[in-house]
Amino acid sequence: MISLKNNVPRNLEFWDTQRGIIRSRKGGWKIGEGVFSHGYNLLEDFVGNKSYFQVMVLHATGRLVERSIADWMEAVYICMSWPDPRIWCNQIGALGGTINASIVASTAAGLMAGDSKLYGQKPLLKGVTFIQAALKQKKTGFTTLEIIEKECKKNRGNPSIMGYARPLAKGDERVEILKQYNKESSIVTGDHLRLANEIDQVMIEKYNESININGYASAIMSDFGFTPQETYQISTLLTASGIIACYLDANERPPESFLPLRCDDIDYQGPPPREVPDRE
């Protein structure tokens with residue numbers, strides 16, 4: 001029997017079974033047979049038949065979704081990755097480009113910068129968690145206003161709900177374009193999105209805040225049946241294309257010309273200059 005502590009095996013029996021062998025529950029290449037992923041033949045079943053996003057979601061969650069769902073996720077990726085070097089994760093990519101670092105290393109560094117609590121991939125964890133918990137409350141009898149007030153109490157009364165505010169601008173043009181896309185692609189409005197729209201209306205009327213792309217995407221991903229963690233896994237490369245664009249923009253300019261600094265640009269507040277004693 002294998003003893004566990006915090007889901008980590010605590011005796012040698014388990015570790016001995018892992019020595020000298022690489023195991024996979026997801027798939028792999030069987031020489032002479034094919035490349036397999038979650039029971040599918042990657043080349044024979046997917047090439048020419050499924051989209052890259054369908055395969056990506058399969059690898060991230062184990063689910064092979066319909067093309068319409070994968071295409072919707074691709075639309076969110078487009079909305080969430082802008083080629084603007086003022087955005088922090090893109091700025092990291094541009095800094096890599098200006099010093100001629102590898103585009104792959106620079107993009108990876110930018111992706112890590114996007115793994116933030118306030119923007120990028122990670123807020124989707126909180127956004128999906130909120131709307132799924134809110135729907136459970138709604139089904140037990142809470143009103144939409146009561147759900148909002150309960151969430152606001154967690155933030156000392158401030159209307160700081162993940163997915164329902166924006167720091168630099170009011171409204172979110174990405175939500176409007178996704179709403180139009182939903183109509184054109186026949187994405188069905190589910191219970192989570194209905195509640196998200198109700199929350200949006202109350203937030204506008206009571207706090208002058210409205211739903212942003214996080215809240216909108218979190219509701220639809222919930223209606224698609226994804227967990228918070230699965231949504232986060234799917235969004236791993238969410239900001240990559242914008243980072244790549246900003247890397248190339250900086251890389252095609254004179255080296256080190258992206259955000260250069262003069263010495264007097266730095267507000268040094270350390271010890272004053274001092275003479276270095278002569279070597280004895």
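The values are calculated or read from the model by the stated rules, or taken from the named source; none is laboratory data. Note that the structure is predicted; figures quoted are calculated from it, not measured. Don't worry about glycine lacking a Cβ; one is built from the backbone with ideal geometry, like all the others, and counts go over all protein chains shown.
Quick look at the numbers
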| read-out | value |
| --- | --- |
| Single match in Gln91, Gln54 (criterion: of a type in the set (S, T, N, Q) and closer than 18 Å to Ile220 by Cβ) | Gln54 |
| Those residues of segment 151-162 which are hydrophobic (A, V, I, L, M, F, W, C) and either out of contact with any Phe, Trp or Tyr (no Cβ under 7 Å at 6 or more places or on another chain) or outside any loop (DSSP other than H, G, I, E, B) (or both), in sequence order | Cys152 |
| Matching helices (runs of 4 or more DSSP H) fully within segment 1-95 where at least 1 residues are modelled with pLDDT under 95 | 12-18, 67-80 |
| Only one of Gln229, Gln233 that is at pLDDT 95 or above, within 21 Å of Ala196 (Cα to Cα) and surrounded by fewer than 20 Cβ atoms within 10 Å (Cβ to Cβ) | Gln229 |
| Per-region count, segment 240-278, residues assigned to a loop (DSSP other than H, G, I, E, B) and either of a type in the set (Asp, Glu) or loosely packed, with under 10 Cβ neighbours inside 10 Å (or both) | 20 |
| Matching option when the condition is of a type in the set (Asp, Glu) and under 29 Å from Arg67 (Cβ atoms), among Glu198, Glu209, Glu184 | Glu184 |
| Pair list, Cβ under 7 Å, 6 or more apart: segment 97-117 residue over 13 Å from Cys246 (Cβ atoms) and free of Cβ contacts under 8 Å to residues at least 12 places away in the same chain, other residue part of a helix (DSSP H, G or I) and not β-branched (Val, Ile, Thr) | Ala105/Gly96; Lys117/Pro123 |
| Tally, over segment 119-135, of residues that are of a type outside the set (S, T, N, Q) and closer than 11 Å to Ser222 by Cβ | 8 |
| Criterion: in contact (Cβ under 8 Å) with a residue 60 or more places away in the chain and either aliphatic (A, V, I, L, M) or not in a helix (DSSP H, G or I) (or both) - qualifying residue of Ile204, Ile199, Ile211 | Ile199 |
| Selected residue (only one of Gly27, Gly39 is over 20 Å from Met73 (Cβ atoms) and surrounded by 15 or more Cβ atoms within 10 Å (Cβ to Cβ)) | Gly27 |
| Matching residues, segment 45-60, being of a type outside the set (A, V, I, L, M) and either exposed (fewer than 12 other Cβ atoms within 10 Å of the Cβ) or assigned by TED's automatic domain parsing to the domain that holds Ser222 (or both) | Gly48, Asn49, Tyr52 |
| Residue within segment 127-150 that is under 24 Å from Phe226 (Cβ atoms), in contact with a Ser or Thr (Cβ under 9 Å, 6 or more places away or on another chain), not in a helix (DSSP H, G or I) and not charged (D, E, K, R) present | no |
| Within segment 112-126, considering residues that are in a helix (DSSP H, G or I) and crowded, with 18+ Cβ neighbours inside 10 Å, the one farthest from the chain's Cα centre (by Cα) | Ala113 |
| Residue that is out of contact with any Pro (no Cβ under 9 Å at 6 or more places or on another chain) and either outside the structural domain of Met221 (by TED's automatic domain parsing) or β-branched (Val, Ile, Thr) (or both), where the choices are Ile99, Ile147 | Ile147 |
| Flag for Gln180 being under 30 Å from Leu237 (Cα atoms), among the polar types (S, T, N, Q) and touching a residue at least 12 places away in the same chain (Cβ under 8 Å) | no |
| Counted residues, segment 175-196 - those being in a helix (DSSP H, G or I) and surrounded by 17 or more Cβ atoms within 10 Å (Cβ to Cβ) | 7 |
